[in-house]
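Reading through the structure tokens given below for one structure.
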Amino acid sequence: MKKVLGIMAVVAVSALMLTSCGKSCNCTYFEDGKKVYVQSSASEGTKFFNADACKQQSREKWQGTSIIVDGKEVTKEVVCK
């Protein structure tokens, strides 16, 4: 009986630790609908405990100059999740 209670306690503590840990946020940059790069908050040491805080970093489509082809006008977008 002690073993069962001990195992249950370990499982409960492990589940609590896994659910309370922050997640990294990956932001994907697009030009004309094509993926250019993905930036992860984990590389910066930032963790998010609320998924909405990550999603709020997304940017809707806007017109701008390409970072790949000099002088080309493209539609840019950033999607974070």
In the list V69, V38, which residue meets the criterion of being exposed (fewer than 13 other Cβ atoms within 10 Å of the Cβ), outside any strand (DSSP E or B), of a type in the set (A, V, I, L, M, F, W, C) and without any contact (Cβ under 8 Å) to a residue 24 or more places away in the chain?
V69
Residues located in region 26-35, provided they are surrounded by 11 or more Cβ atoms within 10 Å (Cβ to Cβ) and not charged (D, E, K, R)
N26, C27, T28, Y29, F30
Residue by residue through region 41-66, note down the ones that are on the phi < 0 side of the Ramachandran plot and part of a loop (DSSP other than H, G, I, E, B).
T46, K47, F49, N50, Q56, Q57, S58, S66
Take the residues of region 48-66 that are loosely packed, with under 12 Cβ neighbours inside 10 Å and of a type in the set (F, W, Y): which is nearest to K23 (Cα to Cα)?
F49
From (1) modelled with pLDDT under 95; (2) charged (D, E, K, R); (3) more than 11 Å from the chain's Cα centre (by Cα), pick out the condition that doesn't hold for E73.
(1)
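The values are calculated or read from the model by the stated rules, or taken from the named source; none is laboratory data. Source: prediction; values computed, not measured. Because the Cβ atoms are built from the backbone with ideal geometry, glycine has one as well, and the counts that use them run over all protein chains shown.
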